[in-house]
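Enquirer: One structure is given below, represented as structure tokens, and several questions about it will come after.
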Amino acid sequence: MTNKLKYLVAGTGGVGGSIAGFLALAGKDVTCVARGAHLQSIREHGLLLKSDLKGTHSLTISACTSEEFTEKADVIFVCVKGYSIKSIAGLLQQASHRETLIIPVLNVFGTGDRIMEVMKSGALANRQPRATILDGCVYIVSYVSAPGEITQMGKIFRLIYGARKGTSVPLEKIRAVQADLTESGIKAVISDDIRRDTFIKWSFISAMALTGAYFDIPMREIQKAGEKREVFIGLSTESAEVGRKLNISIPDGIVDHNLKIIDNLDPDSTASLQKDIAKGHESEIDDLLFNMIRIGEKAGVEMVTYRRVAEKFFR
């Protein structure tokens, strides 16, 4: 791995666009994969980053479709939605060399394992993945506010990543990524238990996004006492119990921790799940709601609040 790392961001939505924008603003070598009007606007006018942390910047940044990227990247951030992982398997294989780190930062649990499975199946079944696949998660409120435009809200931008169980990664590699992210204004944390940390993020985003979508409300309504906050607490409590049943080291005060995160979010913000449902787009409802119920009930957890929410979204 060279001193100057080459980054590829697969998926330039709110999360990917923020990562790419912050890296570009710090002078890092970054290319983002996008499509449609979003890609066209970035190519013609640059990426417009509107950030509470960094201010407003118009950034000249390399952008292309997954088919057009023919180089090799040292670090690939996977920022697509969970249901789109299969569609970028070819890109991940083609864009990797032996020392590439693939870091998924999705809202769902076990994405590193899912990426590995996808890259070993179908047309890629006979090709051994060349990269090292880590796992990761991110805490941020951000979204595509217009074609070529990313809005990042609030003061939280924390990216956590680490090696999956059974995966060996030289510490200097992941520390080099941490240094670049830190220089870019992203709080980068190298996890000593990424299974724990990604589950905790999944638990939090599931409770937050589902509460917002169930009531169709911004964060300000969850930040004050009442029924909406109690639903968030119920979802957080049940998902934490699911983690404990899976033998994940869930901290005793996780619900209070989740409430503190909620209370520090921009009051006007909403989760991407809520935005996608409102627009009639494909959403992560299966991963954030139904998959949590499936895993929880199989583990013997009474998913009372999750079942209440599911009644609205049952398909």
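Computed from the coordinates by the stated procedures, all read-outs in this text should not be read as laboratory data. Keep in mind it's a predicted model, so treat the numbers as computed, not measured. All Cβ positions, even for glycine, are placed from backbone atoms using ideal geometry, and neighbour counts span all protein chains on display.
Enquirer: For region 6-192, count the residues as N, evaluate 2.2 N^0.38 Å, and divide the Cα radius of gyration by that value, please.
Expert: 0.95
Enquirer: Would you list Asp252, Asp74, Asp113 from fewest to most Cβ contacts within 10 Å?
Expert: Listing Asp252, Asp74, Asp113 from fewest to most nearby Cβ atoms yields Asp252, Asp113, Asp74.
Enquirer: Can you list, largest first and rounded to whole Å, the semi-axes you get for region 154-246 by taking the square root of 5 times each eigenvalue of its Cα gyration tensor?
Expert: Ellipsoid semi-axes (Å, largest first): 31, 18, 8.
Enquirer: Lys and Arg at +1, Asp and Glu at -1: add these up for the other residues within a Cβ distance under 15 Å of Glu99 and post the number.
Expert: Charge balance near Glu99 sits at +4.
Enquirer: Can you give me the Rg/Rh ratio for region 175-315, using Cα atoms for both radii and the Kirkwood formula for Rh?
Expert: 0.99
Enquirer: Let me ask something additional. What's the center-to-center distance, using Cα atoms, between region 131-164 and region 59-97 in Å?
Expert: 15 Å
Enquirer: Could you give the length gained by full extension between Ala37 and Ala146, i.e. 0.36 nm per residue of separation minus their alpha carbon distance, to one decimal place?
Expert: Taking Ala37 through Ala146 to full extension adds about 38.3 nm, to one decimal.
Enquirer: How are the Cα pair distances of region 242-308 distributed, in percent, across 5 Å bins from 0?
Expert: 3, 13, 15, 20, 24, 16, 7, 1
Enquirer: Next question. Counting only C-alpha contacts under 8 Å and six or more residues apart, can you give the relative contact order of the chain as a whole percent?
Expert: This gives 15 percent for the chain.
Enquirer: Turning to a different aspect of this structure: To make sure I understand, if each residue's beta carbon is the centre and we count other beta carbons within 10 Å, what order do Lys245, Lys298 fall in, fewest to most?
Expert: If I rank by nearby Cβ atoms, fewest first, I get Lys298, Lys245.
Enquirer: Lys/Arg Cβ at +1, Asp/Glu Cβ at -1, dipole of the chain taken about the Cα centre: which of Ala240, Val309, Leu91 is farthest positive-ward?
Expert: Leu91
Enquirer: What do you get for Rg/Rh of the chain when both radii come from the Cα atoms and Rh is the Kirkwood radius?
Expert: Rounded to two decimals, Rg over Rh is 0.95.
Enquirer: Among DSSP beta bridges lying fully in the chain, give the percent that are antiparallel, nearest 5.
Expert: So the antiparallel bridges in the chain amount to around 40 percent.
Enquirer: Follow-up. Convert each backbone phi in region 268-285 into a coupling constant with the Karplus relation 6.51 cos²θ - 1.76 cosθ + 1.60 (shift: θ = phi - 60°), then list the ³J(HN,Hα) values in order as whole Hz, x for Gly and Pro.
Expert: Values, residue by residue: 8, 7, 9, 7, 4, 4, 5, 5, 5, 5, 4, 8, x, 8, 4, 9, 8, 4 Hz.
Enquirer: Okay, moving on. Given +1 on the Cβ of Lys and Arg, -1 on the Cβ of Asp and Glu, and no further charges, what dipole in debye does the chain carry about its Cα centre, rounded to the nearest 20?
Expert: 480 debye
Enquirer: When Lys201, Lys228, Lys279 are ordered from fewest to most other Cβ atoms inside 10 Å of their Cβ, what list results?
Expert: The most exposed by this proxy come first: Lys279, Lys228, Lys201.
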